[in-house]
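**Student:** Have a look at this one.
The values are calculated or read from the model by the stated rules, or taken from the named source; none is laboratory data. Worth saying up front: this structure is predicted, and the values here are computed from it rather than measured. Every residue, glycine among them, receives a Cβ derived from its backbone with ideal geometry; neighbour counts consider all protein chains shown.
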Amino acid sequence: MRVKKLIGGTARAFLDFILPPCCLSCSARLASPNALCADCWRSLKFITGHKCSSCGYPFDFSLSSEQRSFRVCASCASRSRQFDRAVSALEYNESSKPLILAFKHGDRIDYARLFVGFLRRAGEELIGQADIIAPVPLHKARLRSRRYNQSALLCRELGEPSKIILDLLVRIKNTPPQAGNYRNRNRNLSGAFVLNSKYKRVVQGKNILLIDDVFTTGATAEKTAAILKKYGATSVSILTIARVVTPS
Ligand SMILES: [Zn+2]
Ligand SMILES: [Zn+2]
């Protein structure tokens, strides 16, 4: 499918004939590329309802009206957050997980356009308010083995070139992938990120939006926001494709 990007016009129409566009998830035939079929679309759980105004945790609609009046979840109420807002498009579940893992580890970089559509819908306000948009970085060893940073691909695909700084943050510690609870992750990520020294004066007074694939415990958002706040960022928010939803 990636071959199609290199060719246009008549050749593309011919390729569409011999390689018709397929659902990115189940390979069912579709009219247009980079999309999902109706069944796969329905299986995704978009976070569109009442949610924590800080970390984006979706509240249960079975809650009483009194409970639903809470603006933040129990987890955010129990600790002060370094980031201002976290917003995710989807719940990370059995439907979204295979898509995200294929994008992250399986060279399916053609998923970026689909995911950016999700990010734009969920994070329209954050994208509009941001002065700087940056990816959560990978450690150079992981970047070498994976060959690309999926968060940087999402930033590029967002189409906000004047706001994007791909090397704003640098990951100097190679941490194990998303394992453990908040406390373990927080400990593992201690000292993992630094601000690229050439941007030390750039972040002051800026609203910064970080892009990542999955919000798991919030430890990455906390650590990266703390660094940017230390150098004077006015606000730091994080926008992710999906969010792990566990009882808070
Ligand atoms: Zn499908
Ligand atoms: Zn919360």
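**Student:** Can you tell me how many residues within region 145-184 are exposed (fewer than 13 other Cβ atoms within 10 Å of the Cβ) and assigned to a helix (DSSP H, G or I)?
**Tutor:** The qualifying residues number 2.
**Student:** Of the residues N181, N196, only one is assigned by TED's automatic domain parsing to the domain that holds P135, within 21 Å of the chain's Cα centre (by Cα) and under 16 Å from I132 (Cα atoms); which?
**Tutor:** Checking each option against the conditions leaves just N196.
**Student:** Based on this model, can you work out whether I127 counts as in a strand (DSSP E or B), farther than 17 Å from S54 by Cβ, in contact with a helix residue (DSSP H, G or I) (Cβ under 8 Å, 6 or more places away or on another chain) and of a type in the set (A, V, I, L, M, F, W, C)?
**Tutor:** no
**Student:** Something else now. Return the only residue of S69, S75, S64 being in the same structural domain as F118 (by TED's automatic domain parsing), modelled with pLDDT of 85 or more and away from ligand 1 (no atom under 16 Å from the Cβ).
**Tutor:** The match here is S75.
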